[in-house]
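A short reminder: the numbers here are calculations on the coordinates, not readings from a lab. Just so it is clear, the model here is predicted, and its values are computed rather than measured. So basically every Cβ, Gly included, is an ideal-geometry build from the backbone, and we count neighbours across all protein chains shown.
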Amino acid sequence: MGKVCFVAASALVLASCAPGGGHDPANRKAPVDYVNPYMGNISHLLVPTYPTVHLPNSMLRVYPERADFTGDRLGGLPIIVTSHRGSSAFNLSPYQGDEAGLQPVIDYSYDREKIMPYRYQVYLDDNNIDVDFAPSHQSAVYKITFEKDGPAYLVFNSRNGQLKAEGNAVSGYQYVDKKTKVYLYAETDKKPENCGALAGRTVKFGDNTVEGENAALVLAFGDGVKNLGVRYGISFIDEAQAKKNLEREIAAYDVDVVAKIARNDWNDALGKIQVTGGSEDDKVVFYTSLYRCYERPVALSEDGRYYSAFDGKIHEDDGRPFYTDDWIWDTYRATHPLRILIDNEKEDDVINSYLLMAEQMGTGWMPTFPEVTGDSRRMNSNHAVATVIDAYRKGSRGFELEKAYIAAKKGIEEKTLIPWSAAPAGWLDEFYKEHGYIPALKPGEKETVPNVSIWEKRQPVAVTLGTAYDEWCLSQIARELGKTDEADYYLSKAYNYRNLFNPVTKFFHPKDKDGKFIEPLDYRYDGGLGARNYYGENNGYIYRWDVQHNIADLISLIGGNEAFISALDSMFNTPLGMSKWQFYSFLPDHTGNVGMFSMANEPSLHIPYLYNYAGQPWKTQKRIRTLLNQWFRNDLMGVPGDEDGGGMSAFVVFSQMGFYPVTPGSPTYNIGSPVFTDVKIDMGGGNTFEIRAYNASEENKYIQSAKLNGVALNQPWFNHSDIASGGLLEFEMGPKANKEWGIATPPPSAAPMPIDK
């Protein structure tokens, strides 16, 4: 789907790597004590979660390098991970013993590993070396303890770059891609006796500079050295800036001090939401999910400047941090809306960064998948437009709406809609503009359109539905800007999903260029690997509901409330129809199954809330609790699919609190089933939004009645304006569904159009 700074803690905190390993003298756990970085580290099928050590949204982040969680070898010690799921740039390998055992990257057997968001400890048991690490925003510190006798060494490695040593300092760079470099400046607390270049297992002492693939320098400290401190800074600007970053953040070689600062930073971030009630595991799942929402994006500003891979230049940031590494296809749905609630100033900065990227790329196109190395244009559609209108409708004013409108419009109109492509618009795009859908290839028809990936295909249904939503968002921005004609134009295009609706089957169905439905078609299995010939990673059952902006019209198309509810129920109860290994051999992203529903992929996240729109909110309450219990747990397999840096975790955070933003761009929230008896959200400016769920428990998952700001609430949604200045949402919870609650008024959608449009 769609993809380190350390700070030390006290000995009390280090007593356990399990959440809650540290607590204050009153035995009260701080929010960070509930975080379990190991949750989900063993994958059900695809990419697992990573136990990342970093500060919130910071440039420096690390995690242990191993084949997977079950691997019993560490590939050296990491310096910085430049992208979520990426391998580390630079590498540090401590070693003690015969010089012949030196390697550019040493594989270690390890034990006693302890990971917290702000500290990493591990014992390299074959080598009898103890490692302790803590990060800051752009720097970090290691304490390395050698337990054996014999000479001590440190090996610094650049996988593709240059390193040089001078005294007790090592500096250099590594290419992240052909144009982007990350720079290192490191110091040791003891001056080495000698330094040399390592080629294979041979050290050429006296050579203090190395360059190329696997460039490695050895610092030799001689006999009698039992402890070494290593502190370092990193930069995307140059080595001098890396040194400044280190000097600004870390004054000594004290891991405890750095970890304590980082722990406080995490508690400040996680503490913006305080929860009471629920089980200890509920709190672990909640705060671990919230922690993962801070993995991306990352702030690249360094003393008022930043490197942008979007034009390969260094820029002044004018007092606003520049953010990148944001997989928008995954994060627009819930991660961005969550940030609006708890850190709207940062969300403004993120969107402002998008606009800078659009300028720097030279096209003026809004980014779709910005990374440290630039916009990779992964996945499909142009959902940054949703983050813009969602933030604006919820009161954010820290970016230029007109400029955002132009960039979003250019990205949708001028860039091709072909997935995973940054090419200009071409034949498929012109076809979409004329006919209102992306055409599918007929069975056996060969692809002739340039820029269509052999692997990713056209994804015609996914792109058509996603673009219709994007154009709805564009219409809403135009409306805010007073551009009535453009607003009406894009609103009409927001109904293009209708062009692929099959009135017989009531599914969204691929059509060929002649306007004929592809037949025969099995909505469970057809579409090739990842269903990409027609859909995108998910099958037709998931894309049946991909009309976030107009659920009311979707209900009308399917045949009314009763038919809509029946279709939802059927999805959750339709079996795979074949063995799991067969099913996942061509739909590997479609995991976390409940029938044909996939809890493991982002296009599914809003689906359980759709019962609210058809008069049965009690089924949303039941389904949300069931899904949370089935798929999100405090264990190594406690996440059902690709987490994608907050893309899935934000769903958990919202759902455990009791509400969810089904339609980014609409300043409204759907109500689910709160897990905790009390939730307090610090919305900034002294405003607190509180949710009290009286008697909420595993058994008491059904809403009996509700009040919002003291007034009875008999609808399963509320407006952002109701809570923007703080507010109180109260629920009476019980063990059996009150099937009359919440049916008075469904959540708002765009107006349905006549069926014969």
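Observations, loosely collected:
- Cα shape, the range 66-248, gyration tensor, a/c 1.5 rule: rounded
- Most tightly packed first, judged by the mean number of other beta-carbon atoms within 10 Å of their residues, the peptides 358-369, 713-724 read 358-369, 713-724.
- Within the chain, DSSP assigns beta bridges of which about 95% are antiparallel (rounded to the nearest 5).
- Cross-link pairs exceeding 32 Å in C-alpha to C-alpha distance, out of Lys283/Lys346; Lys409/Lys707; Lys415/Lys680; Lys29/Lys701, comprise Lys409/Lys707; Lys415/Lys680.
- Additional length obtainable on full extension of the chain from Asn264 to Ser585, 0.36 nm per residue less Cα span: 111.1 nm
- Dimensions of the range 257-344 along the principal axes, based on C-alpha atoms and rounded to the nearest Å, stand at 50, 38, 18, largest first.
- Contour excess over end-to-end distance, with Cα ends at Lys446 and Ala169 and 0.36 nm allotted per residue: 93.9 nm
- For Leu713, the residues whose amide H sits under 5 Å from its own are Ala706, Lys707, Leu708, ignoring neighbours fewer than 5 places away on the same chain, with H placed 1.01 Å from N.
- Taking 0.36 nm per residue of separation and subtracting the Cα-Cα distance, full extension of the segment from Glu402 to Glu434 would add 8.9 nm.
- Rounded, prolate or oblate (a/c below 1.5 giving rounded, otherwise prolate when a/b exceeds b/c) for the range 30-154 by Cα gyration tensor: prolate
- Sorting 514-526, 258-270 by average packing, meaning the other beta carbons within 10 Å per residue, from highest down gives 258-270, 514-526.
- Furthest towards positive pole of dipole, Ile144, Ala134, Gly101, structure part the range 66-248, Cβ charges: Ala134
- Prolate/oblate/rounded label for the range 652-721 (Cα gyration tensor, a/c 1.5): rounded
- Note on the chain: with charges restricted to the Cβ of Lys and Arg (+1) and Asp and Glu (-1), its dipole about the Cα centre is near 1220 debye.
- Here the Karplus relation 6.51 cos²θ - 1.76 cosθ + 1.60, evaluated at θ = phi - 60°, turns the backbone of the range 109-115 into coupling constants of 6, 9, 7, 6, 6, 9, 10 Hz, with x for every Gly and Pro.
- Under-5 Å amide H pairs with Val35, H placed in peptide plane, nonlocal only: Gly20
- Distance histogram in 10 Å bins (all Cα pairs of the range 242-301, percent per bin): 17, 38, 30, 12, 2
- Charged side chains reduced to their Cβ positions (Lys and Arg at +1, Asp and Glu at -1) give the range 619-670 a dipole of some 420 debye around its Cα centre.
- Largest first, the extents of the alpha carbon coordinates of the chain on the three principal axes equal 84, 63, 54 Å.
- For Arg73, the residues 5 or more places off, or on other chains, whose built amide H falls under 5 Å of its own are Ala67.
- Peptides 590-600, 69-79, ordered by how many other C-beta atoms sit within 10 Å of their residues on average, highest first, read 590-600, 69-79.
- Structure-based [θ]222 nm, the chain - -39500 (n - 2.57) summed over DSSP H runs of at least 4, per residue, nearest 500: -7500 deg cm²/dmol
- Positive-end ranking of Ala423, Trp365, Gln621 along the dipole of the chain, with charges on Cβ about the Cα centre, is headed by Gln621.
- Dipole orientation for the chain: of the candidates Ala309, Trp455, Ile743, Ile743 has the Cα lying most toward the positive pole (charges on Cβ; Lys, Arg +1; Asp, Glu -1).
- Pairwise FRET efficiency - Thr276 versus Asp125, Cβ, R0 = 51 Å, nearest 0.05: 0.80
- What you get for the range 66-248, charging only the Cβ of Lys and Arg (+1) and of Asp and Glu (-1), is a dipole of about 700 debye around the Cα centre.
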